[in-house]
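Enquirer: Just passing along the structure, written as structure tokens.
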Amino acid sequence: MTKRWSELSLSERRQHVGQLVLLTPALTGAMSLVGDLWDSWREAPEGEISFIQGETRAGKTTALDEFMLEKHAEHVKLYAGREGYEVSPLADNSALWALEIRTPSGWLRPIIKVQVPKKAKYKALFEAVLFTLMNLTKIPARMSTEKYLLQILVKQLHEQQTRVIIFDECHHISEFRNPDGAYDAGDVFKNIAKCGRTGVVCTGLPHMMEIADANPQVRESERDRFTVAPFPLDLAAGSDLRMFMTALNEQLPFDQPSCLADDDVIYRIALLRDGFAGRIARFVQQVTGYALSVGAPCIDMPTLKAFLRVKKGVADAENIFLMSRDEAADYPAAVQKALRMRALQAQKRRGRHAARQESRHQFGARE
């Protein structure tokens, strides 16, 4: 007999929706890009570089994680029962994931993920890769020259049969205040691809593409780029947005049906979260948690209105679930206007603060 959702604990119900992943065209497109590099490993003398770009919470990292989960499951089956071989479980923190296989002759790491540090210098990026490949916490001084780092890296990539290295948060490279940062980081990616014959996936916000603009060798090594785009605002039967919202609605941990597949709700949530699957999923996760906390039997329009009012502090006049359809259509423009106003106020506040600091310095100056 199938259990009713109400028979499960609140934690189990929250966990269900928190771990829910639905395949979308954007998700499968990003996964296909990584799969293309995986499948083409060592088909040519050099590896190549591909890019996955998109806005915050568009679903970029989710796509990477789903690909790594698939490969991990495949390798668990592949090595099951083979004496001397063991596939390590993935880390609790997906930012540190690596597919690691212990063999009688050493470790294999076919795919690893590297988090690009905030201060993404050439050497720091090299070391971040070696930390994962060699299980190091610090690079010994004798290994710290750029020439030696490259030699060690190439050797490790070859011995561990590393097909793909994923660099996440690559926009940190463009944001770091170093005029040569984008070029130098591009050299790391180019060396991994060219010398290590390994595929490189760079993932981040759209301005990470400055790496390719700054380094001609990266452009020459580029294989593909994919943008994780939002859903078109299409409510027609069979549209990607409607299918996604309907699937979400069917997976909600309530015994009574919810309203996420209703036209008015789809329309408003898509506008509220800019049409991005990752943002919509995060919003639904939060609303579900709120609904469970107040004992709601499902997610309905009153619950959505109350969530924005109570949990997000949104005034009724700005609550998209209280707006008419025509008013809701203007919601994105109103949000952008409010953001610009707050940015202007912050700029003025910083200006006044700087003026006060200058005044204090002048007052305290000695002749």
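The values are calculated or read from the model by the stated rules, or taken from the named source; none is laboratory data. None of these values were measured; they are calculated from a predicted model. Glycine gets a Cβ as well: all are built from the backbone with ideal geometry, and neighbour counts include every protein chain shown.
Enquirer: Exactly one of these conditions fails for residue 229: (1) hydrophobic (A, V, I, L, M, F, W, C); (2) surrounded by 22 or more Cβ atoms within 10 Å (Cβ to Cβ); (3) out of contact with any Ser or Thr (no Cβ under 7 Å at 6 or more places or on another chain). Give me its number.
Expert: That leaves (2) as the condition not met.
Enquirer: Which of (1) of a type in the set (Gly, Ala, Ser); (2) in a loop (DSSP other than H, G, I, E, B); (3) over 19 Å from residue 25 (Cβ atoms); (4) touching a Phe, Trp or Tyr at 6+ places or on another chain (Cβ under 8 Å) is the odd one out, the single condition residue 291 does not satisfy?
Expert: Exception for residue 291: condition (2).
Enquirer: Turning to a different aspect of this structure: Can you name the condition, by its number, that residue 180 falls short on among (1) touching a helix residue (DSSP H, G or I) at 6+ places or on another chain (Cβ under 8 Å); (2) surrounded by fewer than 21 Cβ atoms within 10 Å (Cβ to Cβ); (3) at pLDDT below 90?
Expert: In the conditions (1) touching a helix residue (DSSP H, G or I) at 6+ places or on another chain (Cβ under 8 Å); (2) surrounded by fewer than 21 Cβ atoms within 10 Å (Cβ to Cβ); (3) at pLDDT below 90, residue 180 misses (1) alone.
Enquirer: For a quick check of your reading of the model, give me the residue pairs whose first member lies in the range 54-66 and is within 10 Å of residue 203 (Cβ to Cβ), whose second is in a helix (DSSP H, G or I), with beta-carbon atoms closer than 7 Å and at least 6 apart or on different chains.
Expert: From residues that are within 10 Å of residue 203 (Cβ to Cβ), the pairs are 54/60; 60/30; 63/27; 63/30; 63/31; 64/34.
Enquirer: Another one. If only one of 69, 33, 78, 20 is in a helix (DSSP H, G or I), touching a residue at least 40 places away in the same chain (Cβ under 8 Å) and not small (Gly, Ala, Ser), which one is it? Walk me through how you get there before you give the answer.
Expert: Working: 69 fails: touching a residue at least 40 places away in the same chain (Cβ under 8 Å); 78 fails: touching a residue at least 40 places away in the same chain (Cβ under 8 Å); 20 fails: in a helix (DSSP H, G or I).
Criteria check complete, one pass: 33.
Enquirer: From the list 200, 218, which residue is under 24 Å from the mean Cα position of the chain (by Cα), β-branched (Val, Ile, Thr) and modelled with pLDDT of 95 or more?
Expert: 200
Enquirer: Scan the range 64-84 for residues that are touching a Gly at 6+ places or on another chain (Cβ under 8 Å) and modelled with pLDDT under 95 and jot them down. Break it down into steps so the answer makes sense when it comes.
Expert: First, the residues of the range 64-84 that are touching a Gly at 6+ places or on another chain (Cβ under 8 Å): 67.
Hits for the range 64-84: nothing passes.
Enquirer: What are the residues in the range 51-101 that are surrounded by fewer than 22 Cβ atoms within 10 Å (Cβ to Cβ), under 30 Å from residue 274 (Cβ atoms) and small (Gly, Ala, Ser), if any?
Expert: 94, 95
Enquirer: Here is a follow-up. Residue under question is residue 162, and the condition is that it be of a type outside the set (Phe, Trp, Tyr), part of a loop (DSSP other than H, G, I, E, B) and surrounded by 22 or more Cβ atoms within 10 Å (Cβ to Cβ); does it hold?
Expert: Numbers: of a type outside the set (Phe, Trp, Tyr): yes; part of a loop (DSSP other than H, G, I, E, B): yes; surrounded by 22 or more Cβ atoms within 10 Å (Cβ to Cβ): yes.
When the stated conditions are applied, residue 162 passes them.
Enquirer: Given the criteria of a type in the set (S, T, N, Q), within 24 Å of residue 219 (Cα to Cα) and not in a helix (DSSP H, G or I), does residue 50 qualify? Working first, answer last.
Expert: Values: of a type in the set (S, T, N, Q): yes; within 24 Å of residue 219 (Cα to Cα): yes; not in a helix (DSSP H, G or I): yes.
In short, yes.
Enquirer: How about the range 36-47: which of its residues are in a helix (DSSP H, G or I) and more than 19 Å from residue 188 (Cβ to Cβ)?
Expert: Matches in the range 36-47: 36, 38, 39.
Enquirer: Further question on the same structure: Test each condition in (1) in a helix (DSSP H, G or I); (2) basic (Lys, Arg); (3) touching a strand residue (DSSP E or B) at 6+ places or on another chain (Cβ under 6 Å) for residue 223 and report the one that comes out false.
Expert: Answer for residue 223: the failing condition is (1).
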